[in-house]
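Structure record follows, encoded as structure tokens.
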Amino acid sequence: MGKKNKKVLILENEPPLARVLRLKISNRGGECEIAEKAEDALKELRKKDYGYVILNMLLPDMDGFKFLEKIQNLKQRGTVNKDLNVIVFSYLTQDSDVESIKELGAGKIFKKGKDQIIDIINCVA
């Protein structure tokens, strides 16, 4: 079995939360970068071979649905890691949203205010 890619891009516009995620993942041996805007994240994903993106669906420059669509297109074109896993951590978790998020390729969905950060950390590191 191949080695798990522990490079994680955190796409989160709440800096304190992003820093906590980075610290906890780094403490487990993961490599982390933080992006607060979707366009910055897309540029970063084209530059490095990330294994995971932790995505907040509510971003200042693009909604998470559009970001997930762009990731799918980039995977199909071979511009980003085809095995990139997207983990959603957001308040936007109504049943209809969850269904759409899954259809757009997100692997796991965690609800802010309900799920624990450690559950996300366990997924990536």
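Per residue, how big is the convex hull around the C-alpha atoms of the range 7-124? Give it to me in cubic angstrom, could you?
87 Å³
So how do 28-37, 108-117 stack up, highest first, on mean other-Cβ count within 10 Å?
28-37, 108-117
Kindly put D49, D95 in sequence by how many other C-beta atoms sit within 10 Å of each C-beta, fewest to most.
Ordered from fewest to most neighbouring Cβ atoms within 10 Å, D49, D95 come out as D95, D49.
Excluding M62 itself, calculate the net charge of residues whose Cβ lies under 15 Å from the Cβ of M62, where each Lys or Arg counts +1 and each Asp or Glu counts -1.
My count for the surroundings of M62 gives -4.
Quick check: Cα centre of the range 56-95 to Cα centre of the range 30-44, how many Å?
First find each Cα centre; the distance between them is then 12 Å.
Based on other C-beta atoms within 10 Å, arrange S90, S96, S26 from fewest to most.
Working: S90 20, S96 7, S26 14.
Final ranking by Cβ density, sparse to dense: S96, S26, S90.
Counting Lys and Arg as +1 and Asp and Glu as -1, what is the net charge of the other residues whose Cβ lies under 13 Å from the Cβ of N13?
Numbers: positive: R19, K37, K112; negative: E12, E14, E36, E39, D40, D61, D63.
Here the count lands on -4.
Every number in this text was worked out from the coordinates using simple rules, so none of it is lab data. Keep in mind it's a predicted model, so treat the numbers as computed, not measured. Neighbour counts are summed over all protein chains in view; Cβ atoms, including those assigned to glycine, are modelled from backbone coordinates with ideal geometry.
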